Amino acid sequence: MTLEKFNYICLIWGIIAIFTFVLLQFVKAPYGRHVRKGWGPEISNKLGWIIMEFPSFGIILYFYISSNQSSYASILSLLWLFHYFNRTFIFPFKIRTKGKKMPIIIVLSAIIFNSINAGLNGYFFSSLETYTDSSFLNWKFVLGISIFIIGFIVNQVSDYKLINLRKPGELDYKIPRGFLFDFISCPNLLGELAQWLGFAIMAWNYPATSFLVWTAANLIPRAISHHNWYKKQFKNYPKNRGALVPKIW
Ligand code: NDP
């Protein structure tokens, strides 16, 4: 496939994300604290996470081992694999959600979302990339990897703090405090957004950009829903917190 045709596909995929963003202003994705009846058959929450995140890991791994990627594309593939190894094989075993379920429709839609994003990015790295070793000296690499690493740390620390608000066996919710939680409600989602912003800067291509747009389309409405949920749930919820931007939003 030519690069031009491929970019066109990524563009259409990115535009679909914008429609999804609009849709998610009206519909709260029904998993985690927003899970509710009426969304069809359900499966275990932990199993759902493993199944829905696996395509992101497996597809990039397939492209990585079956093609001869440049060093630069290999680093991008490895960063992706590093993130999704954690999300698929570690995160689901750490969460304290014993007995919780998620609708199969969430799992299926995430499989589609993850497969297309990983497919587009993996295909680019295996068949269309033209990176050279000098790409490592470019500002895009230096800035992008810095944002990616900061985002990863923020995501990990925040998820760790959230998960450990519960003692093993507990299922209730508490007000998170400390670290970036003193300023915003969802630093874990902000960290994840930063990671894929950094990745898009490093990759500087259409598929990583459309993945960033998809990530924003999912995570911005989710952060707003989480923030509104906290305010409704806890009368003493700190007033100065934003969803993703301190004091503002
Ligand atoms: P949440 O912040 O809702 O939950 C993270 C974990 O902490 C869950 O196990 C949750 O339990 C628990 N938890 C959260 N808040 C509290 C609280 N106040 N008290 C007690 N326990 C709490 O994160 P999401 O489920 O939205 O996302 C999980 C991860 O997946 C994040 O790192 C996110 O960035 C990533 N993600 C990425 C997406 C993408 O498009 N790339 C899309 C969605 C998520 P419970 O499940 O019971 O609520």
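Find the lysine pairs in the stretch 119-249 meeting two conditions, Cα atoms under 15 Å apart and a separation of 8 or more places or different chains, and report how many there are.
7
What are the radius of gyration and Dmax of the stretch 1-129, computed over its Cα atoms and given in Å?
16.6, 48
5 Å is the cut-off here: which amide hydrogens, built 1.01 Å from N in the peptide plane, fall below it relative to residue 101, excluding neighbours closer than 5 in sequence?
For residue 101, whose amide H was placed from the backbone, the distant partners under 5 Å are 45.
For the full complex of protein chains and a 1.4 angstrom probe, list 150, 9, 248 by accessible area with the highest value first. Each step should come with its number before you reach the end.
Numbers: 150 105, 9 70, 248 140 Å².
From most exposed to least exposed: 248, 150, 9.
Ordered by packing density, taken as the mean number of other Cβ atoms within 10 Å over each peptide's residues, highest first, how do 223-230, 27-34, 195-202, 90-97 rank? Each step should come with its number before you reach the end.
Working: 223-230: 19.1, 27-34: 16.8, 195-202: 23.4, 90-97: 14.6.
The packing order, highest mean first, is 195-202, 223-230, 27-34, 90-97.
How large is the helix-only mean residue ellipticity at 222 nm for the chain, computed as the sum of -39500 (n - 2.57) over DSSP H runs with n ≥ 4, divided by its residue count, in deg cm²/dmol to the nearest 500?
Calculated mean residue ellipticity at 222 nm is -21000 deg cm²/dmol.
Treating the beta-carbon of each Lys and Arg as +1 and of each Asp and Glu as -1, no other charges, what is the dipole magnitude of the chain about its Cα centre, to the nearest 20 debye? Don't skip to the answer; put the middle values down first.
Details: 25 positive and 10 negative charges, 329 e Å.
Dipole of the chain, to the nearest 20 debye: 1580 debye.
Would you please give the residues with an amide H less than 5 Å from that of residue 42, counting only those at least 5 places away or on a separate chain, with H modeled from the backbone geometry?
The list, which skips near neighbours in sequence, is 104.
Taking the Cα centre of the stretch 104-249 as origin and charging only Cβ (+1 Lys, Arg; -1 Asp, Glu), how large is the dipole, in debye to the nearest 20?
920
Go through 125, 19, 141 and list them by solvent-accessible area, largest first, probe radius 1.4 Å.
On the way: 125 0, 19 145, 141 35 Å².
Solvent-accessible surface, decreasing: 19, 141, 125.
Distance from the Cα centre of the stretch 231-249 to that of the stretch 153-169, in angstrom?
The distance from the Cα centre of the stretch 231-249 to that of the stretch 153-169 comes to 19 Å.
Going by the alpha-carbon gyration tensor, a ≥ b ≥ c the square roots of its eigenvalues, is the stretch 146-249 rounded (a/c under 1.5) or, if a/c is not under 1.5, prolate (a/b greater than b/c) versus oblate? Numbers along the way, then the final one.
Numbers: a/c = 2.19, a/b = 1.76, b/c = 1.25.
Judged from the Cα gyration tensor, the stretch 146-249 comes out prolate (a/c at least 1.5, a/b above b/c).
Provide the descending list of Cα extents for the stretch 105-170 along its principal axes, expressed in whole angstroms.
Cα spread of the stretch 105-170 along its principal axes, largest to smallest: 51, 31, 12 Å.
With unit charges on the beta carbon (Lys/Arg positive, Asp/Glu negative), name the residue among 195, 138, 173 whose Cα is farthest towards the positive pole of the charge dipole of the chain.
Farthest towards the positive pole: 173.
With all protein chains present, calculate the accessible area of residue 10 using a 1.4 Å probe and round the result to the nearest 10 Å².
Rounded to the nearest 10, the figure is 0 Å².
Compute the distance from the alpha-carbon center of the stretch 85-119 to that of the stretch 50-84, in whole Å.
17
Roughly to the nearest percent, how much of the accessible area of the stretch 44-148 is carbon and sulfur, given a 1.4 Å probe?
It is 71 percent, rounded to a whole number.
Ratio of Rg to Rh for the chain, alpha carbon only, Kirkwood?
Radius of gyration relative to Kirkwood radius: 0.97.
Using a cut-off of 14 Å between beta-carbons, work out the net charge of the residues near residue 38 (Lys and Arg +1, Asp and Glu -1, residue 38 not included).
+3
The values are calculated or read from the model by the stated rules, or taken from the named source; none is laboratory data. The structure displayed is predicted, hence computed values, not measured ones. FYI the Cβ positions are ideal-geometry reconstructions off the backbone, even for glycines, and counts take in every protein chain you see. For the accessible areas, the whole protein counts, side chains as well, though only heavy atoms, and no ligand, DNA or RNA atoms are used. Shrake-Rupley method; radii C 1.70, N 1.55, O 1.52, S 1.80 Å.
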